[in-house]
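Taken together, the values in this text are just the output of simple stated rules run on the coordinates, not laboratory data. Computed from a predicted structure; not experimentally measured. Because the Cβ atoms are built from the backbone with ideal geometry, glycine has one as well, and the counts that use them run over all protein chains shown.
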């Protein structure tokens, strides 16, 4: 592999106009591919991808040059794509899910930049987004991603473990729903155990967890567990692990994270806003209400350090907040549609 | 609104078999809609959605009953869908992006559960995933989501501000790429300023930021900024804000987060693995290597507290790690494809 061999010092106006199409094919069923993804593969002279993903689009490949690569050969795939595009060909680089999420978009731009490519180059690049594994898996298990979430890859092939562990710890502490990509392989078996350990320090043992294998593919399998029994599940390279936040429930075989309507509306009794809350407005504990409360508490003698501890926020942030003028009266702001 | 009025105590075998299809239409251009999303709308007798999203699928609505709702009427939309499905109709509930990501999947299940619905009910539910705003915006700006990322909504209409602030702080500290949903509205203007403040405590002022408005729609606009100048940008209800991690670069008008190949391979000099690293294997600073290092440091007298501080990880985690038997020799594990 040698991306530097392809380096060009300036755009060559006579170069043939090739294209690299970075295609996210979605979960893998043709039904869940976008029109543009399908059209991009149809337009391509050459299709490059990991052998498993190439199989998923087998019925779209007739008459095309197909380059099948191994799992860890992302840079090779990008170099092959650039070489073919330099010859004026249209190349579809296939990623499962979304090309931008742990997909080929990143490594391809890294190789292109290294090769001296710029957007003015004869080779044009287009990224075609798709539903990533987290979107597909969520759709199959219920509605786990209805609130703030993180995607974290447990693969340490390119990322030092402390970086991964700090992210796991931060996500667990701040109550994000989490999707774990690349949770386990034949060789990497302890990462998921460490992830579980970091989460159990912050979340209840019975926090709902879903392990989804081969979403929307032939061997699809969904296994509901709890954080405590997560590691007993069959987890492999085709699995995504979804860990709920502190409010996520498993009910009737569906994993659902409440959006927060119960914070504002009385769902049991007609759906009206609770006392002190207004439909279509920030919560009474939203930013303005919270700021007013913090200022009042401080005025009545609560120290900034105590406020930081009470709200589990950095002291510097509390100090900066206290130093700001108080929030404008929300009623005076022009109404908008939200 | 009264979901409880629809409650049924047990599945009624004679009830008409209606369906609720929770459709994620992707960013909004028909090209980026999946085949299944399009088919679901075609199958529907009734289409329910926020008025702006209904407009995006206007050409698919001929002959259908269309129910247009306001922005904050998510529960009403779900109640309307359930009422129509109870009459045996097929109802498509439209979300932009992915139905599961801040979309209608969550509120719909909340309303269904409240109404006594179970998966055995005559009304069947299907969620059709799509590319969310973060996938679409990422595809337009380069490859910002190539490494671990978070999605955080700045709307405090249903979420207390300290919850949002803690997540912003955790994401910033643990070096996640972050996508901010609902960053600002006519009424909510200070949330984005607070988010910037929390990020600047952890990230460089020149961290690349992209503000993407109406991705893949008629008024699409992309504005590249830095963390320092973020708040000078035109940000509204149709904007998504992408904040890079500490390695993200803006180069030739493209925002790219390196995947980490440079940690392992010498991209400048032929692409071979760096000294001490092996292609297709965990990094030397991956879990096994890191564990070995921590154990060795501890054996040579470094305290657990010092190790926790050095690696910015919880002391309890370091103590648990030190208490585990050492990692198995990776060479003895059966080889797999990763």
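Tabulated data
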quantity	calculated
Kirkwood hydrodynamic radius of the range B:221-271, Cα pairs, Å	13.3
Computed over the protein assembly as shown, Cα set: Rg, Dmax in Å	24.8, 77
Cβ crowding within 10 Å averaged over residues, with B:287-295, B:74-82, B:205-213 ranked highest first	B:74-82, B:205-213, B:287-295
Normalised contact order of the range A:279-332, rounded percent, pairs of Cα under 8 Å and 6 or more residues apart	37
Principal axis box of the range B:279-332, alpha-carbon based, largest edge first, Å	33, 20, 19
Cβ neighbours within 10 Å from other chains - mean over A:28-39	5
Descending semi-axes in whole angstrom, ellipsoid equivalent of chain B, from the Cα gyration tensor	44, 26, 21
Residue A:231-residue A:316 FRET efficiency (beta carbon distance; Förster radius 30 Å; 0.05 resolution)	0.20
Mean separation of Cα contacts under 8 Å, 6 or more apart, over the residue count of the range B:134-256: relative contact order %	32
Crossing angle, helix A:74-86 versus chain A [Cα axis fit, 0-90 degrees, rounded to tens]	50
Cα-derived Rg to Rh of the range A:19-131, Kirkwood definition	0.93
Footprinting exposure proxy for B:33, A:104 (fewest neighbouring C-beta atoms within 10 Å first)	B:33, A:104
Shape call, the range B:134-256: gyration tensor on alpha carbons, a/c limit 1.5	oblate
Theoretical ellipticity at 222 nm over chain A - DSSP helices of four or more residues, -39500 (n - 2.57) apiece, nearest 500	-9000 deg cm²/dmol
Whole-number percent relative contact order across chain A, with pairs defined as alpha carbons under 8 Å at least 6 apart	15
Between the range B:92-161 and the range A:191-249, the Cα center-to-center distance that results, in Å	19
